[in-house]
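Contents: one structure, followed by commentary.
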Amino acid sequence: MANVFSILLFIPFLALIVWLFAAIIRRLLGVRVGPGRTLLAAVLALLVTSPVLAGLAPPDPKNVGLAEGVLLVLAAAGLAALLAMAALVVLEVLLPTGSMPGPVEVWRGTRRRIARTRRYSTIVRIALRHGLGRFLRGRPQAGPTSAAARRRLARSLRDALDEGGVTFVKVGQLLSTRRDLLPAEFVEELTALQDRATPVPWDQIAAVLEAELGDRVFAEIDREPLAAASIAQVHTARLPDGTPVVVKVQRPGIGAVVERDLDILVRLAEALEARTSWGRSFGVRGLALGFAEALREELDFTVERDNLQTMAAALAMSPRRGVQVPLAYAEFSSERVLVMRRLPGTPLGAAEPVLARLDDDRRQAIAADLLDSLLDQVLIHGIFHADLHPGNLLVGADGTLGMLDLGSVGRLDTVTRAAVGRLLAAVGRGDPVAASDALLDLADRGGEVDERELQRALGMLLVRYAAPGSSAGVAAVSALLRTFTSHGLGVPAPVAAVFRAFTTLEGTLGLLRPGFDLIGQARAVAGRRLTEMLDPQHLPRTLQEELITLLPMMRGLPRRLDRIGDTIENGRLRLNVRLFSDDQDRRLVTGLIHRTLLTVIGAAAGVMATLLLGSGEGPRVSAGISLFPLLGYGLLTISVVLVLRVLIVVLRRD
């Protein structure tokens, strides 16, 4: 019983000693060190204290007084703390803090790695099953040389993406809009990808509704889905007041599946950007990150709810064009459930019987109103529906249109909207110089751009596609995107969304009015908008807006000029230049200083080690160990480690 009691008292005392050593070590080092490393250093100090004390004590401990014993203990503890600190510094040099994950991170990372490996194997099997295995070998492969071969390969890619699941279907749909990256055969096949899925059983849908909204929201709800997609499915319902609504419910577990696949896509994009020149030129990592952000927004139905409210307000501020969006019920919506008022109408893909009852002039007016509405969204409001395919449009009996699925919309800042407007106006005038200036404002420059050559290329495009009577449509957009890439210009994601919106809209307009001239109508709209801006009725308002912008600067200009003149007159004018304001410059200088300090410290430690090793044995630490050789070899080790750390940075190629 006494032994057990002694152990119970010894454990807290031991823990207190370890805590004191840890506090002393962290305080002396003056930097934040991880608790795990500090604890290891404290335990090391505690373990070496006894041998160091034995080495410092005289042969006959009985002759040591109380004061001498306290000094010996303090000296031994100090030496032990120094050794632990040296070990901690060496450990920090060899394995810096953060380079090794903790046990919790190791466990989580292992689980993620196992799940990722399983998904990798599934993706590889899908690719092999569809004849894409030769492209996974890591060696350059000759591409198809004929249109028929490209079409077969594109069909295999479409089938593989379709079988891969929701994330890869979304990737295929995104790639189908990048006519600057893919041949026409691939674009046509990937455009046929449908975001569809087998309906989820009602009990799982009911569980999501119960968890998100409770059980007293709807007076009735249809258990058979109105539509089922890979992310969510839609059910019709009625609110307690009898209002007909549609309920969009996220598929259970889809978030984990998407996150796993997005992790794989980002890793693949990083590998492509690091190992291939075309990956770096296209910035595939940035594209993958932008796609991941957009898909995560699509998974959060509160984003779509806000988009619906913003789009409804934008449409209300525009002239009546017969286009509307459903009203979202914010009080009945959450991240996984979205309740909207049900719009009357038929999906455009199945609305030919409805449109057949309308004459050609009415159908032309409906298509023109839809194009005008999209231009209003892009040029005025800065928020637009980027995927107006036939499945996202409802056609009412009177020809009114309803836009659906605003989970991921395009957004443009004021500068980009102005550049898009200038581009449309330049196309309408056939002005390649103005079109070139607008494109340069829209694009990301990777290097020097031959503006004269760009103007000549745009002039050829305007003559070919924008001349009166031309009906090129998507071909003009594809040619414009190829002009971007051929001149080393990157297409930012918001600008790519604008091009995607118009390329998708052409097929939709063709269903509303066969033979609809997208380019000609857009040119006419751009000319009309330019005329409206220059109309005498609008000039006062435009002038007023410009004056409101310039007035604060104009009011402060005389005072600033007076200060500058007074400073020059009294000889107090100074020029202040902020050195190293750029992050790259700061990192470069910081790296040079760090390497210089490591070199100086390593050299000093080497000199001190040489002096200690040549100064004899010094005091005895133990029966076979002397203090000077021990410290000398320790400093020599530190010197070698620091010098090697500098050399590896200096000599490596990257």
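The values are calculated or read from the model by the stated rules, or taken from the named source; none is laboratory data. Given the structure is predicted, the values throughout are model-derived calculations rather than measurements. Glycine gets a Cβ as well: all are built from the backbone with ideal geometry, and neighbour counts include every protein chain shown.
Can you tell me which residue in the stretch 528-573 is nearest to residue 427 (Cα to Cα), limited to those that are at pLDDT below 75 and part of a loop (DSSP other than H, G, I, E, B)?
535
Take the stretch 360-381 and flag every residue that is closer than 14 Å to residue 498 by Cα, surrounded by 18 or more Cβ atoms within 10 Å (Cβ to Cβ) and of a type outside the set (D, E, K, R).
Those that are closer than 14 Å to residue 498 by Cα, surrounded by 18 or more Cβ atoms within 10 Å (Cβ to Cβ) and of a type outside the set (D, E, K, R): 371, 373, 374, 375, 377, 378, 379, 381.
Would you mind listing the helices (runs of 4 or more DSSP H) fully within the stretch 229-337 where at least 3 residues are out of contact with any Phe, Trp or Tyr (no Cβ under 9 Å at 6 or more places or on another chain), surrounded by 18 or more Cβ atoms within 10 Å (Cβ to Cβ) and at pLDDT 85 or above?
Values: elements: 254-275, 277-282, 284-299, 301-317.
Of the helices (runs of 4 or more DSSP H) lying wholly inside the stretch 229-337, those with at least 3 residues that are out of contact with any Phe, Trp or Tyr (no Cβ under 9 Å at 6 or more places or on another chain), surrounded by 18 or more Cβ atoms within 10 Å (Cβ to Cβ) and at pLDDT 85 or above span 301-317.
With the structure loaded, tell me whether residue 140 is modelled with pLDDT of 75 or more, more than 30 Å from residue 299 (Cα to Cα) and surrounded by fewer than 19 Cβ atoms within 10 Å (Cβ to Cβ) or whether it fails that test.
no
Hey, can you tell me all the residues within the stretch 579-603 that are of a type in the set (Ser, Thr, Tyr) and at pLDDT below 85? Step through it out loud before you land on a result.
First, pick out the residues of the stretch 579-603 that are of a type in the set (Ser, Thr, Tyr): 581, 590, 596, 599.
Residues satisfying the conditions are 581, 590.
Taking the criterion of being part of a helix (DSSP H, G or I) and buried (at least 19 other Cβ atoms within 10 Å of the Cβ), would at least one residue in the stretch 440-456 satisfy it? Spell out how you get there, then give the answer.
Within the stretch 440-456, the first condition is being part of a helix (DSSP H, G or I), and the residues that meet it are 440-442, 451-456.
Of the ones still in play, those that are also buried (at least 19 other Cβ atoms within 10 Å of the Cβ) are 442, 454.
Yes: the stretch 440-456 contains one or more residues that are part of a helix (DSSP H, G or I) and buried (at least 19 other Cβ atoms within 10 Å of the Cβ).
How many residues are surrounded by fewer than 17 Cβ atoms within 10 Å (Cβ to Cβ), at pLDDT 80 or above and not in a helix (DSSP H, G or I) if we restrict to the stretch 397-437?
The qualifying residues number 4.
Of all residues in the stretch 157-178, how many are part of a loop (DSSP other than H, G, I, E, B) and of a type in the set (Lys, Arg)?
Taking the stretch 157-178 and keeping what is part of a loop (DSSP other than H, G, I, E, B), we get 165, 176-178.
Those left that are additionally of a type in the set (Lys, Arg): 178.
Matching residues across the stretch 157-178 total 1.
In this structure, is residue 204 under 29 Å from the mean Cα position of the chain (by Cα), under 30 Å from residue 345 (Cα atoms) and not acidic (Asp, Glu)?
Details: under 29 Å from the mean Cα position of the chain (by Cα): no; under 30 Å from residue 345 (Cα atoms): yes; not acidic (Asp, Glu): yes.
No, not satisfied.
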